[in-house]
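Colleague: Just dropping this structure here.
The values are calculated or read from the model by the stated rules, or taken from the named source; none is laboratory data. This one's a predicted model, so the numbers in the text were calculated from it and none came from an experiment. A quick note on method: Cβ atoms are made from the backbone with ideal geometry, for glycine too, and the neighbour counts reach across all protein chains shown.
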């Protein structure tokens, strides 16, 4: 029996086989992206006011959420038996990768952050630590480009008419496909540029190079967008459940 069936009264979904938590994932991912930008900006302008313990706590909380949910979604095929196995890749694997990165940053800042902040150029010191993992970040960026292309080609992310707000665009699936794919692509741009950002920060912490500016802008914009979109989805997803039970 299919989890989702179309009856005369409208779409019906067996929610026991359709777990979903990309709501909290979206907020955590957005906060993580925005947090990285804010930390870098603080290190550039007022390094003496940076709290290594505070940022460690922030990244630890966000990393734990993304790693836990992302790992479960990555290893459970399909997480949603109603027919959305591509969500395992799109949301699960990307959240897992970002979550582990945030946890790594959290552990380092907790154990060595205060020491790094006492150095003459703290941002340059942190950039040297981040350089080895920047290859993985760049690879995730390329993966995000793949997700963006797939989202438009296969018209993914479209909400059914029964979902409030987002469902208003159900007749035009490309609208949400373009919106979500654009967000993934923008994050991907920053991720692909990240190795160049790290290399620039190692040499001159006070100089805003083009890669640094672009990465800061796209991650700040998408961070805010994912926070707002995730918050909205707490309403829209609840509405979808009520309308399809």
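Colleague: Please pick out the residue among 105, 158, 116, 127 that is buried (at least 19 other Cβ atoms within 10 Å of the Cβ), over 25 Å from residue 226 (Cα atoms) and under 22 Å from the mean Cα position of the chain (by Cα).
Modeller: Among 105, 158, 116, 127, only 127 is buried (at least 19 other Cβ atoms within 10 Å of the Cβ), over 25 Å from residue 226 (Cα atoms) and under 22 Å from the mean Cα position of the chain (by Cα).
Colleague: Can you go through 28, 58 and tell me which one is over 18 Å from residue 92 (Cβ atoms), at pLDDT 95 or above, in a helix (DSSP H, G or I) and touching a helix residue (DSSP H, G or I) at 6+ places or on another chain (Cβ under 7 Å)?
Modeller: Answer to the selection: 58.
Colleague: Kindly indicate which of 166, 181 is buried (at least 19 other Cβ atoms within 10 Å of the Cβ), in contact with a helix residue (DSSP H, G or I) (Cβ under 9 Å, 6 or more places away or on another chain) and without any contact (Cβ under 8 Å) to a residue 60 or more places away in the chain.
Modeller: Of 166, 181, the one residue that is buried (at least 19 other Cβ atoms within 10 Å of the Cβ), in contact with a helix residue (DSSP H, G or I) (Cβ under 9 Å, 6 or more places away or on another chain) and without any contact (Cβ under 8 Å) to a residue 60 or more places away in the chain is 181.
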